[in-house]
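The values are calculated or read from the model by the stated rules, or taken from the named source; none is laboratory data. As the structure is a computational prediction, the values presented were derived from the model and not from experiment. Cβ placement follows ideal geometry from the backbone for every residue including glycine, while neighbour counts extend to all protein chains displayed. Protein only, heavy atoms only, side chains kept; ligands, DNA and RNA dropped before computing areas. Shrake-Rupley method; radii C 1.70, N 1.55, O 1.52, S 1.80 Å.
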Amino acid sequence: MHASPRTLISPVGIVWLKLAVLYLIVGVGLGIAMGASENFTMRPVHAHINLLGWTTMALAGLVYSVFPEAGASRLAKIHFWLNNISLPVMAIALALVLSGARQVVPVLAASEILAAAGILVFAANIFLNLRK
Ligand code: HEM
């Protein structure tokens, strides 16, 4: 008897995947708006929402579902909140800086440091909690 593949996949990544697809809608919406307006100023905002919000979050969700020990860990929770607090702040701050609001640079820098910290927590989680 083989276990059905469904039983090997944990639901722990579902919230990651649902949020990731919301970031994808926002990122793609911005891409369509840039194309339609022929104004590409927000290109870096589009790229970061899609790559950190959609791609990185979705991959983390899949990794956490396949390795639920990592997905249910304290590090995963810290990773989740660092990612989802920093990214919306980063996207808005980056959009403001690209629009000329240089005074927002410190907020942008702080959000980027938080986002990078989230990635380091993800890496620590992978190394500490992925087991055969
Ligand atoms: C229907 C979906 C999408 C549309 C309409 C769209 C549209 C665009 C547009 C108009 C640009 C600027 C191109 C230029 O300046 O010549 C761009 C750049 C880019 N897009 Fe998208 N995009 C889509 C999906 C995605 C996705 C899913 C990702 C990543 C997962 C992505 C990542 C990027 C990157 C990395 C750049 C380059 C940014 C830069 O040069 O600063 N895009 N996209």
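Open to solvent by 80 Å² or more (accessible area, probe 1.4 Å) and part of a helix (DSSP H, G or I), is that true of Ile119?
Values: open to solvent by 80 Å² or more (accessible area, probe 1.4 Å): no; part of a helix (DSSP H, G or I): yes.
Judged against the criteria, Ile119 is not a match.
Can you run down the residue pairs with Cβ atoms below 7 Å, 6 or more apart or on separate chains, where the first is in region 74-101 and under 15 Å from Gly53 (Cβ atoms) and the partner is small (Gly, Ala, Ser) and surrounded by fewer than 17 Cβ atoms within 10 Å (Cβ to Cβ)?
Leu82/Ala117
Let me spell it out: the conditions are (1) modelled with pLDDT under 95; (2) touching a helix residue (DSSP H, G or I) at 6+ places or on another chain (Cβ under 9 Å), and Lys132 meets all of them except one. Which number is the exception?
Exception for Lys132: condition (2).
Going by what's in this entry, would Phe127 be described as within 25 Å of Leu8 (Cβ to Cβ), buried (at least 16 other Cβ atoms within 10 Å of the Cβ) and of a type in the set (A, V, I, L, M, F, W, C)? Let's see the steps before the verdict.
Working: within 25 Å of Leu8 (Cβ to Cβ): yes; buried (at least 16 other Cβ atoms within 10 Å of the Cβ): no; of a type in the set (A, V, I, L, M, F, W, C): yes.
Considered against the rule, which asks whether it is within 25 Å of Leu8 (Cβ to Cβ), buried (at least 16 other Cβ atoms within 10 Å of the Cβ) and of a type in the set (A, V, I, L, M, F, W, C), Phe127 comes out as no.
Can you name every one of the helices (runs of 4 or more DSSP H) wholly within region 1-108 that holds 2 or more residues which are open to solvent by 50 Å² or more (accessible area, probe 1.4 Å) and within 11 Å of the ligand (Cβ to nearest atom)?
In region 1-108, 14-37, 43-48 are the helices (runs of 4 or more DSSP H) which contain 2 or more residues that are open to solvent by 50 Å² or more (accessible area, probe 1.4 Å) and within 11 Å of the ligand (Cβ to nearest atom).
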